[in-house]
Amino acid sequence: MIRYLTGGESHGRTMTAILDGMPSGLSIKESTINNDLYRRMLGYGRGKRMKIEADKVQIISGLRRSVTMGSPITLAINNVDHSIDRLPVVLNARPGHADLSGVMKYDLKDIRSVLERASARETVSRVSVGAVCKALLAEFGIEIASHVVAIGGVEAQTKDLGFDRLVSKAERSPVRCADSDASGLMCAEIDDATEEGDTLGGVFELIARGVPVGLGSYTQWDRRIEARLSYAVMSIQAVRGVSFGAGFEMAGMRGSMVHDEIFHDKKRGFYRTTNNAGGIEGGMTTGEAIVIQAVMKPIATLMSPLSSVNIRTKAKALANVERSDVCAVPAAGVVGEAVMAIELANAMIEKFGGDSLREMKRNYGGYLDQIKKI
Ligand code: EPS
């Protein structure tokens, strides 16, 4: 089993993570992790913090000559802005943020002590853990990508694009959207919200291809792969809903239109021509691509603040205003890739054994031979 914890405050010295349970024999390069950290920083609508930070990982433990040994991997990313002790006290709680419930729960007098840890800056740690997990998945031909399908009211049309075109177009768009017309409109929407001191949410899609059939299980509720993936994606700051494949559209469709018919030929084995299930049936992967959509609410820090209350005086006040993003949906997609990679790596280790990469590959090969004979 993979386990991991993150530590670090948004303006503390270092963002950290300890990843336990990775098999031995996997090559990891800091540059691979840095590439995903860089992608997380991009996106039209991000705030000024991203211009200050460098977000480069240091691998503190778990590798010898760039190869895992089976021991815990410690990852650290230093914050350039580590002004936590000099930052002013915050008293006016932001609606939509952890501010108010956080000070009440932890008996704190300064909202700063809540927001420093509640901040989505924490996702730096998760993206670095996810990049290590992606390297493991790549050994088995599993690839993960994300793209933005909606920002504000603007929706992208990407249904006819295959995986490779989706990825190459999304990576070139300032909002990581594969529909170039929608991409332009999303940027305009972000400009508009910026001018009005407002913020925007949206929807991102995660796709994993090359996943073998049979990860997860129907035999127990907490082993269902869609449950584990949902938990992971819902744990991303500001994510408010998750769906798989045709998702909420299924509510208005008949069974005959939803379920993916099954075919077989000698070369391909069992296959489908549609993927409304999003690659999962009965708590298990089907072998088709896993497709998840997640909705992110608008960022809670508004430059034109909403009404609130001063937690010390209890007087009516405007919510705290400080440096933030207008829209972080493109970055959230990169974070989504990371948490999806962590869950899939975990499911692979569970099924194929997690002590060494060699053992995993042997077991994986044996399983592929076995299912070919069915
Ligand atoms: C973030 C860093 C933060 C915010 C953002 C995400 O930096 P700062 O607070 O110094 O501007 O830009 O966090 C939030 C939107 C939030 O609500 O906490 C990052 O690295 O992703």
query: Can you put 71, 308 in order of accessible area, largest first, using a 1.4 Å probe?
result: 71, 308
query: Once the Cα atoms of helix 163-172 and of the chain are each reduced to a long axis, what angle between those two axes, in degrees from 0 to 90 to the nearest 10, is obtained?
result: 20
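Tell me, what is the per residue accessible area of the chain in Å², probe radius 1.4 Å? List each step's numbers first, then the result.
Values: 18570 Å² over 374 residues.
The answer is 50 Å² per residue.
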query: If you plug each phi of segment 309-316 into the Karplus form 6.51 cos²θ - 1.76 cosθ + 1.60 with θ = phi - 60°, what whole-Hz ³J(HN,Hα) values come out, in order, with x for Gly and Pro?
result: 9, 6, 5, 8, 8, 6, 7, 4
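Suppose R0 equals 25 Å; then what is the FRET efficiency for residue 253 and residue 163 from their Cβ-Cβ distance, rounded to the nearest 0.05? Mind showing how you got there, number by number?
Values: r = 24 Å, r/R0 = 0.96.
For residue 253 and residue 163, the calculated efficiency is 0.55.
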message: Between residue 321 and residue 372, what is the label-point separation in nm under the 7 Å Cα-to-beta-carbon projection?
response: 6.5
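Evaluate the relative contact order of the chain (contact order divided by residue number), counting alpha-carbon pairs under 8 angstrom at least 6 apart; express in whole percent. It would help to have the intermediate numbers written out before the result.
Working: 784 pairs, mean separation 86.4, N = 374.
Computed over the chain, the figure is 23 percent.
Per 0.36 nm of contour for each residue apart, how much would the distance between residue 194 and residue 20 grow if the chain were fully extended, relative to their Cα-Cα spacing?
Values: separation 174, 0.36 × 174 = 62.64 nm, distance 4.11 nm.
So the extension gain works out to 58.5 nm.
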query: Relative to a virtual label point 7 Å from the Cα of residue 304 in the Cα→beta-carbon direction, which members of segment 190-204 show backbone nitrogen distances below 15 Å?
result: 190-200
message: Take residue 5 and residue 363, extend 7 Å from each Cα along the Cα→Cβ direction, and tell me the distance between the two endpoints in nm.
response: 2.6
- prompt: Over what distance in Å are the Cα centres of segment 96-165 and segment 205-227 separated?
  reply: 20
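Exactly which chymotrypsin sites (Phe, Trp or Tyr not before Pro) in segment 199-234 are in a DSSP loop and have at most 14 other Cβ atoms within 10 Å? The partial results should precede the final answer.
On the way: sites: 204, 218, 221, 231; in loops: 218.
Listed in order of number, the matching sites are 218.
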statement: Among 257, 296, 234, the residue with the largest mean-square fluctuation in a Gaussian network model of the chain built from Cα contacts under 10 Å is 257
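Dipole size in debye (nearest 20) for segment 3-372 around its Cα centre, Lys and Arg Cβ +1, Asp and Glu Cβ -1? The partial results should precede the final answer.
Details: 46 positive and 44 negative charges, 180 e Å.
With only Lys, Arg, Asp and Glu charged at Cβ, the dipole is about 860 debye.
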field: DSSP-assigned coil residues among trypsin sites (Lys or Arg not before Pro) in segment 72-159, each with at most 10 further Cβ atoms within 10 Å
entry: 86, 159
query: How far is helix 225-234 tilted off the main Cα axis of the chain, in degrees rounded to 10, range 0 to 90?
result: 20
task: Determine ³J(HN,Hα), in whole Hz, for all residues of segment 144-158 in sequence, where each value follows from phi through the Karplus function 6.51 cos²θ - 1.76 cosθ + 1.60 and θ = phi - 60°; x replaces Gly and Pro.
output: 10, 9, 9, 8, 8, 10, 7, 9, x, x, 8, 10, 8, 10, 10
statement: Ordering 137-148, 352-363 by per-residue average of other C-beta atoms within 10 angstrom, highest first, gives 137-148, 352-363
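The values are calculated or read from the model by the stated rules, or taken from the named source; none is laboratory data. Worth saying up front: this structure is predicted, and the values here are computed from it rather than measured. Reconstructed Cβ throughout: ideal geometry from the backbone, glycine too, with neighbour counts over all protein chains shown. Ligands, DNA and RNA are excluded from the accessible area calculation, which covers all protein heavy atoms including side chains. Shrake-Rupley method; radii C 1.70, N 1.55, O 1.52, S 1.80 Å.
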